[in-house]
Amino acid sequence: MNVQGTVEAGFEGVREEFVRVASADGAQLAVYAHGRRVVDLWTGVTGASIQELYEQRVRAPYELDFNLGLPEAQEPRYDPVRPAERQPELHPRGLMAVAFNVPTDLVAFANTRETRALGSSSAGSVGNARGLAGMYAAAIGVLDRWPALLAPETVAEFSRVHAEGGDLVTGESRPFGLGFVPMAARYPFADRRAFGHSGAVGALSFADPGRGLAYAYTRRRFSPAGGAWGAPENDALVTALYNATT
């Protein structure tokens, strides 16, 4: 169990008992004695941000060119995101407008240094297709010299269909996994354990552990016809990839 925190001398037994009984899902214990804090222990929370954990456990060890929090020294490499040539019409009070944070300008948001520096996990990542595909390759263990980041049972849980039905935002009917999309629902020739996600600009990336593949397609310009499966050209690219590896 990952127990963090401190105990003062003489209170080591309290820590030992906390390790024995505390829930790994999250528990805290604090004790003040004679005016000072003598026990401060917790589980389930690392105290590190998601950006720090990603850097320590994923990006740096696997040498990925994909950042959550772009270092200022890397700023000259950044190529600004461009708006779609044709803007989709959104009802200002519709769920799609809510999903895209209208009236927020997502292009301006992405092109702000603060957004890239903070590295929001939902919309602030910065990288290229090599880095993104490398992250998925790291997840399933198809990078040279490196072990898999995820255990097989974790991959199976990510890729399993947990809910299926109509998406009230996009209007599409599709399955949902745990934070990822089961890719075989779109591409029946993919392994049933394939999992991935699309990006707002029309990007798409996924891992297919059964075929030993990691795919990433990125765009600088927003696609006017994105959606849950990325820009339309992904269908042709993914089909060509599987034809080439059959």
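Residue count for the range 199-246, restricted to those that are part of a loop (DSSP other than H, G, I, E, B), among the hydroxyl-bearing types (Ser, Thr, Tyr) and touching a helix residue (DSSP H, G or I) at 6+ places or on another chain (Cβ under 6 Å): 1.
Does any residue of the range 168-175 turn out to be more than 30 Å from Ala60 (Cα to Cα), loosely packed, with under 14 Cβ neighbours inside 10 Å and among the small types (Gly, Ala, Ser)? Before you say what the answer is, go through the steps one by one.
Step one: of the range 168-175, the residues more than 30 Å from Ala60 (Cα to Cα) are 168-175.
Checking the rest, the ones that are also loosely packed, with under 14 Cβ neighbours inside 10 Å come to 168, 171-173.
With among the small types (Gly, Ala, Ser) added as a condition, the list becomes 171, 173.
Checked against the condition, which is being more than 30 Å from Ala60 (Cα to Cα), loosely packed, with under 14 Cβ neighbours inside 10 Å and among the small types (Gly, Ala, Ser), the range 168-175 yields at least one hit.
Can you find a residue that is aliphatic (A, V, I, L, M), over 30 Å from Val169 (Cα atoms) and without any contact (Cβ under 8 Å) to a residue 24 or more places away in the chain anywhere in the range 41-56? Within the range 41-56 (the criterion being aliphatic (A, V, I, L, M), over 30 Å from Val169 (Cα atoms) and without any contact (Cβ under 8 Å) to a residue 24 or more places away in the chain), the answer is yes, since at least one residue qualifies.
For the range 22-60, name all the residues that are loosely packed, with under 11 Cβ neighbours inside 10 Å and either modelled with pLDDT under 90 or hydroxyl-bearing (Ser, Thr, Tyr) (or both). Give the derivation first.
Going residue by residue through the range 22-60, those that are loosely packed, with under 11 Cβ neighbours inside 10 Å are 23-26, 32, 34-36, 47, 60.
Ser23, Ala24, Asp25, Gly26, Tyr32, His34, Gly35, Arg36, Gly47, listed by residue number.
Of all residues in the range 6-35, those that are without any contact (Cβ under 8 Å) to a residue 60 or more places away in the chain have Cβ atoms under 6 Å from Cβ atoms of residues that are assigned to a loop (DSSP other than H, G, I, E, B), 6 or more apart or on another chain, in Ala24/Met1; Asp25/Gly44; Gly26/Gly44.
Per the listing Leu29, Leu64, the residue uniquely within 30 Å of Ser120 (Cβ to Cβ) and of a type outside the set (Gly, Ala, Ser) is Leu64. Against the definition (touching a strand residue (DSSP E or B) at 6+ places or on another chain (Cβ under 9 Å), surrounded by 12 or more Cβ atoms within 10 Å (Cβ to Cβ) and either assigned to a loop (DSSP other than H, G, I, E, B) or in the same structural domain as Ala194 (by TED's automatic domain parsing) (or both)), how does Ala138 come out, yes or no? Against the criterion (touching a strand residue (DSSP E or B) at 6+ places or on another chain (Cβ under 9 Å), surrounded by 12 or more Cβ atoms within 10 Å (Cβ to Cβ) and either assigned to a loop (DSSP other than H, G, I, E, B) or in the same structural domain as Ala194 (by TED's automatic domain parsing) (or both)), Ala138 qualifies.
The set of residues from the range 63-78 being of a type in the set (Phe, Trp, Tyr) and either out of contact with any helix residue (DSSP H, G or I) (no Cβ under 9 Å at 6 or more places or on another chain) or surrounded by fewer than 19 Cβ atoms within 10 Å (Cβ to Cβ) (or both) comprises just one member, Tyr78. A single entry from Val81, Val7 fulfils the requirement of being in the same structural domain as Asp144 (by TED's automatic domain parsing) and buried (at least 16 other Cβ atoms within 10 Å of the Cβ): Val81. Among what's in the range 212-234 and is in contact (Cβ under 8 Å) with a residue 24 or more places away in the chain and of a type in the set (Lys, Arg), pick the residue that is surrounded by the most Cβ atoms within 10 Å (Cβ to Cβ). Step by step, filter the range 212-234, then rank; the result is Arg221.
What strands (runs of 3 or more DSSP E), lying completely within the range 152-198, carry at least 1 residues that are among the acidic types (Asp, Glu), in the same structural domain as Ala216 (by TED's automatic domain parsing) and modelled with pLDDT under 90? By residue number, 163-166.
Being within 29 Å of Glu89 (Cα to Cα), touching a Lys or Arg at 6+ places or on another chain (Cβ under 6 Å), of a type outside the set (A, V, I, L, M, F, W, C) and touching a residue at least 24 places away in the same chain (Cβ under 8 Å) is a property that does not hold for Pro209.
The values are calculated or read from the model by the stated rules, or taken from the named source; none is laboratory data. Everything quoted here is computed from the prediction, not taken from an experiment. Backbone-built Cβ (ideal geometry, glycine too); neighbour counts: all protein chains shown.
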